[in-house]
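Structure record follows, encoded as structure tokens.
The values are calculated or read from the model by the stated rules, or taken from the named source; none is laboratory data. Keep in mind that what you see is a predicted model, and the values were worked out from it rather than measured. Note: ideal-geometry Cβ built from the backbone for every residue, glycine included; neighbour counts use all protein chains shown. What goes into the accessible areas is simple: the full protein's heavy atoms, side chains included, and nothing from ligands, DNA or RNA. Shrake-Rupley method; radii C 1.70, N 1.55, O 1.52, S 1.80 Å.
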Amino acid sequence: ASVSALAPQGLRLVRQFTNRLFAVGSGTERNTLYASDILDAEVWKSTNSIIVGGDDGEDIVAIQPFYDYEILVFKPNKIYLVTADPTATTAAGWTVRLLNDRIGCASGRSVNFVNKDVFFLANDGIRSVARSVADDFYIVGTPISEPVKNIIARINKNYVTLCNAAFYNNRYFLAIPLDTATTPNYILVYNALFNAFEGLWSIAASRMVITNFSSGFATNALKLAIGSPTSRVGHYLGYKDADTADATTDYQKFGSHYEIEFYNSGSTNANISMRRDTDGANVGIASSIDTRSSGGVTLPFTLPATLSAQTVKRVADSLRSYQKWRNMRMVVSAPSKKLSIRGILLAANPDTIEVQKNV
């Protein structure tokens, strides 16, 4: 077999797996999967390469190491499984298996191992590839993103290939360009422990990488680094120990909205204020609120009268225009008439992104 001292030119999608490097060619070799020698990344035998679905009319967009000696190969509308048996003297001993001929990957950088499955962004949402070890069965699951399909529908299809993802702290982070954005301007967060989406973060992320850079940080641990389109780098603070983290600066929140329920209340001129831990005085957020609700009768009333159930009056508004906070106290007051509050709800998004101090 011929041997080159250097890897073939134009390699892309390089991944390390089973003590060797795997990569995909470009140009006329864009559907060829190459492998280096075991424990020697400088030796690439021409016989250690295999064409994956070369006649299907699609190019490889991602490769993902899977179980044992298996590699998932993604195309826009197909998924293959390559078993690169290290005991085989050449790639002729490898096997190529078509897992799905209708579902593929819309963005190569969205592919990530999430616990025991592989997540990826398909044309119809976030899907996964799972393997049953017991019976050697593989399945491409139904869209995981069905509960947030309204958000998936907003992804700018012209720039879907710029989507990128990372798996960190038991969460799948997917950066997506929404609406008219030409670069990812939001991060969709999926909690793999609770099998639920945690939120949509308004954070621009051109790339997300797991790093262990300690410069500028007191804690030496793996961190999720987020690179923005403006060449700024931030870190998700999930690497910090909740028992030692500075709650004042590390775990602040941006307000989302509030909702206050009034029941059997009579005031027509109530005022709503908030006071965060950073405020020296109350901050007014609503005034002259009519807290009355329909139903019931009040004295004096004229007979005959119909007794009806008292309904709840709800007042809600956004908090997104206010600065971040850690603790908040709501203040509701009225200069006249009865004021009766049944419940107060506050919603916020965690501000867990820190701008890197030293790049």
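Restricted to segment 13-40, and to residues that are in a loop (DSSP other than H, G, I, E, B) and open to solvent by 60 Å² or more (accessible area, probe 1.4 Å), which residue is nearest to Phe74 (Cα to Cα)?
Quick first cut of segment 13-40, residues in a loop (DSSP other than H, G, I, E, B) only: 18-19, 25-26, 30-31, 36, 38-39.
Retained after the next criterion (residues that are open to solvent by 60 Å² or more (accessible area, probe 1.4 Å)): 19, 30, 38-39.
On the way: Asn19: 22, Arg30: 12, Ile38: 24, Leu39: 26 Å.
Here the answer is Arg30.
Check segment 18-29 and report whether any residue there is in contact (Cβ under 8 Å) with a residue 40 or more places away in the chain and under 18 Å from Tyr138 (Cβ atoms).
No, segment 18-29 contains no residue that is in contact (Cβ under 8 Å) with a residue 40 or more places away in the chain and under 18 Å from Tyr138 (Cβ atoms).
Taking the criterion of being touching a residue at least 60 places away in the same chain (Cβ under 8 Å) and either of a type in the set (A, V, I, L, M, F, W, C) or over 21 Å from Val111 (Cα atoms) (or both), would at least one residue in segment 33-53 satisfy it? Break it down into steps so the answer makes sense when it comes.
First pass over segment 33-53, keeping only residues touching a residue at least 60 places away in the same chain (Cβ under 8 Å): none.
No - not one qualifying residue is present in segment 33-53.
For Pro304, all conditions in the list (1) modelled with pLDDT under 85; (2) within 24 Å of Glu198 (Cβ to Cβ) hold save one; what is the number of the exception?
(2)
If a residue counts only when it is over 27 Å from Arg15 (Cα atoms) and open to solvent by 20 Å² or more (accessible area, probe 1.4 Å), which strands (runs of 3 or more DSSP E) contained entirely in segment 111-220 have at least 2 such residues?
On the way: elements: 112-114, 117-122, 125-132, 137-140, 164-168, 171-176, 186-191, 196-201, 207-211.
Result: 196-201.
Restricted to segment 60-74, and to residues that are in contact with a Pro (Cβ under 8 Å, 6 or more places away or on another chain) and not in a strand (DSSP E or B), which residue is farthest from Ala122 (Cα to Cα)?
Within segment 60-74, the match that is farthest from Ala122 (Cα to Cα) is Tyr69.
Among the residues of segment 48-55, are any in a strand (DSSP E or B) and surrounded by fewer than 18 Cβ atoms within 10 Å (Cβ to Cβ)?
Of segment 48-55, the ones in a strand (DSSP E or B) are 49-51.
Now restrict to residues that are surrounded by fewer than 18 Cβ atoms within 10 Å (Cβ to Cβ): 51.
Scanning segment 48-55 turns up at least one residue that is in a strand (DSSP E or B) and surrounded by fewer than 18 Cβ atoms within 10 Å (Cβ to Cβ).
Taking the residues in segment 227-244 that are out of contact with any strand residue (DSSP E or B) (no Cβ under 9 Å at 6 or more places or on another chain) and on the phi < 0 side of the Ramachandran plot as candidates, determine which candidate is modelled with the highest pLDDT. Spell out the reasoning first.
Quick first cut of segment 227-244, residues out of contact with any strand residue (DSSP E or B) (no Cβ under 9 Å at 6 or more places or on another chain) only: 229-231, 240-244.
Now restrict to residues that are on the phi < 0 side of the Ramachandran plot: 229-230, 240-244.
Working: Pro229: 88, Thr230: 85, Lys240: 63, Asp241: 55, Ala242: 49, Asp243: 50, Thr244: 51.
Applying the filter and picking the extreme gives Pro229.
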